[in-house]
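Inspection log for the structure reproduced underneath, given as structure tokens.
What follows draws every value from the coordinates through simple rules; no lab data is involved. All values reported here derive from a predicted model rather than from experimental measurement. Glycine also receives a Cβ, built like all others from the backbone with ideal geometry; neighbour counts cover every protein chain displayed.
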Amino acid sequence: MSLSLRAIRAGYNEFRLRDVSLDIHAGSFTALIGPNGCGKSTLLKVILQLLRLEQGRITLAGQSLAELGPRHLARQIAYLPQHPVAPPGITVEDLVSYGRAPHQNFLGHRSRVDQFQINYALERVGMATQGKERVDQLSGGQRQRVFIALCLAQDAPWILLDEPTSFLDIKHQYETLDLLAELNRDGKTCVAVLHDIGQAARYADCLVVMQAGQVIAQGNPESVITPELMSTVYGVDAHIYADPVTGTRAVALKSNRGGVD
Amino acid sequence: MRLDVRIAVLSIILIVVLCWSLMVGAVPLRVEIVLNTLFELDGPRQNFIIMQSRLPRSLLAALTGGALALSGAIVQTILSNDLASPKIIGINSGAALGVITASLLLPTLPSNYLSLAAASGAALAAGLVFLLFELRAVSPTRLILIGVALGLFFEAIVNFLLIILPNTSVSGPLIWLSGSLWGLGWSNLTTIWLPLTVLFAVTGLLSYRLDLLRLGRAQAVSLGVHVRRERLALLTLATLLAALSVSAVGVMGFVGLMAPHLARALVGWRHQLLLPTAALTGAILVTFADTVGRIIAPPIEVSAGILTAFIGAPFFIVILLRNRREVQP
């Protein structure tokens, strides 16, 4: 049961993912890292069929995603966009309830199973008592948890997240990542675009490094995060050390060589 | 579905405005006469003015107002654009072009076919806007500008046709182009009420899909919505709603823009409430405008469309000024 990308070509404007082949294993916490504009978000959009595939093939457990159709795809993979939209005035529970759409008929009738999943999702992210509050009046961290609850209500084994920690302060960044790690332990496969390499190494068990539309490294954080990689991908002279708290890989810069990005 | 208080209040306002519209005009009638006539309290003796002139006219006003409002609500949601409306993206002008072309080139065409001509013209405009939106991914504001330009282009063709074609009376089409209910009666109502009722029902059934599309393309796709297909279906629905209204009462400006905005301010954005509220608001607006137009400067009638534009154009400018943040398509 894994998500396989084979010789993917896709993109928009001038940008292209070029010949991306990749296997993401079910049950993993995979982080996509790389400099700005390297194609991390594009990769997620291609998997979700938000962007048309020009070449290549994506399969989930052997089945082609293109043939799966949007509804069945939505039952397998949930997605948190980088800038999710909350219509003005919507309540937490109403927003989360839309996660049930792939399981409902076109009238959106809410069954008992639906209500159970919605309550479960709210509880899981610690928003059970705030179901009636308005999303536009929540803090950034709470908002993010509501959108994760939306993904949970969808009850899909995979969750793809596009920079879930950007625009959050440091406390809420770690809170969000802790929540994802918990969900991962309970069996969800998490694939997240992350900016902070230290956070990626700390939370993910698999890193995918991208540069200029290509995957240039994949593996566990210990094998992937090296001074050589930091130099080729980010153009920085880095010292890699063990995080004093977790023992995972962390990065400190010696100096910026500049002009390489 | 529980009956919402706000919808109940709007329904009462609509009934009051409808009654008022039956009372006023060249011959003022007292409310007892109106009620006696409507409910046959005096036996079958009917008041000719009410039954043959004012009642069908007011019902048409309410029906087309509701249709334009629904059309506007749909267009605003699927284009993720608060500035959109069937008039502003050129659908109404397209419908007008269809009707004028058909009635000038084929003067013997039965009036039933005018709806068809309106729908073709409207579909032309909507199709162009949709292609631009889906294929070129233009920004919301540019889409509006393109729609406005398209509308002006269609209007230019209409004016051109009116000028060059000989032996046609221009005053009829001109009154119609300004959105007037003058002289309309039961026959006009019977042509459009059934198709409009069906379209109302279909729109109501799709309110949950509209909710999902309102979350934006990325979110909707990831929730299993076939976005392009559903947008196209809903745009077709909006086009038909607008075209049927235009074929009956002409180009009624800004109702499709104002009514959904007022409705959102009243009940929020969930379409299960928003759609009926917008339809009621649109119905009230057009019935009110038509009635005011009848009594504002007697014996001359001011077209309802002129009055809706009179309120609507400043309204549009206010939204433009408030709408600083652009919504992503």
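Given the rule -39500 (n - 2.57) for each run of at least 4 DSSP H residues, summed and divided by the residues of chain B, what is its mean residue ellipticity at 222 nm, to the nearest 500 deg cm²/dmol?
My calculation for chain B gives -23500 deg cm²/dmol from helical runs alone.
Can you tell me the relative contact order of segment A:2-256? Whole percent, Cα pairs under 8 Å, sequence separation 6 or more.
24
For chain A, just the Cα set please: Rg and Dmax, both in angstrom.
For chain A, the Cα radius of gyration and maximum Cα-Cα distance read 18.8, 59 Å.
Considering every Cα-Cα pair within segment A:156-197, what fraction, in whole percent, is farther apart than 14 Å? Walk me through the intermediate numbers first.
Values: 394 of 861 pairs.
Across segment A:156-197, Cα pairs with separations above 14 Å total 46 percent.
Of A:A250, A:P221, A:M210, which is farthest along the charge dipole of chain A in the positive direction, counting Lys and Arg as +1 and Asp and Glu as -1 at C-beta?
Sorting the options by dipole projection puts first A:M210.
Less than 15 Å Cβ to Cβ from B:T203, Lys/Arg counted +1 and Asp/Glu -1: what total charge do the surrounding residues give? Don't jump to the answer; show the numbers that get you there.
Numbers: positive: B:R209, B:R214, B:R231, B:R270; negative: B:D211, B:E230.
Here the charged neighbours net out to +2.
Choose one answer from B:A69, B:A201, B:A238: the residue with the largest mean-square fluctuation in a GNM of chain B with alpha-carbon springs under 10 Å.
B:A201
Shielding of B:221-234 by partners, i.e. mean partner chain Cβ atoms within 10 Å per residue?
Neighbouring Cβ atoms belonging to other protein chains average 5 per residue here.
Give me a single rounded figure for B:207-218: the average over its residues of other chain Cβ atoms within 10 Å of their Cβ.
5
With n ≥ 4 as the cut-off for DSSP H runs, can you work out [θ] at 222 nm for chain A, using -39500 (n - 2.57) per run divided by the number of residues, rounded to the nearest 500?
-8500 deg cm²/dmol
Chymotrypsin sites (Phe, Trp or Tyr not before Pro) within segment A:69-111: which are DSSP loop residues with at most 16 other Cβ atoms inside 10 Å?
Loop-located and lightly packed - A:F106.
Under a GNM of chain B (C-alpha, springs under 10 Å), which listed residue has the highest mean-square fluctuation: B:G98, B:G66, B:G204?
B:G204
If you line up the Cα atoms of segment B:5-322 on their principal axes, what length do they span on each, largest first, in Å?
On the principal axes, segment B:5-322 reaches 62, 55, 35 Å in Cα extent.
Once the principal axes of the Cα atoms of segment B:91-137 are found, what is the range along each, listed largest first in whole angstroms?
Each principal axis gives a Cα extent; for segment B:91-137 these are 42, 15, 12 Å.
Given the options B:T287, B:T277, B:T108, state which has the largest fluctuation in a GNM of chain B using a 10 Å cut-off (strictly under) for Cα springs.
B:T108
Roughly how crowded by other chains is peptide A:169-177, in terms of the mean Cβ count from those chains within 10 Å of each of its Cβ atoms?
Mean partner-chain Cβ count within 10 Å for A:169-177: 0.
Would you work out the relative contact order for chain B, in percent, from Cα pairs under 8 angstrom that are 6 or more residues apart?
32
Quick one: in segment A:33-174, what % of C-alpha pairs are over 26 Å apart?
29
I need the phi-derived Karplus couplings for segment B:81-86: 6.51 cos²θ - 1.76 cosθ + 1.60, θ = phi - 60°, integer Hz, Gly and Pro marked x.
Ordered by residue, 3J(HN,Hα) equals 9, 6, 8, 7, 6, x Hz.
Along its three principal axes, how long is the protein assembly as shown when you only count alpha carbons? Whole Å, largest extent first please.
95, 54, 42 Å, listed from the longest principal axis down.
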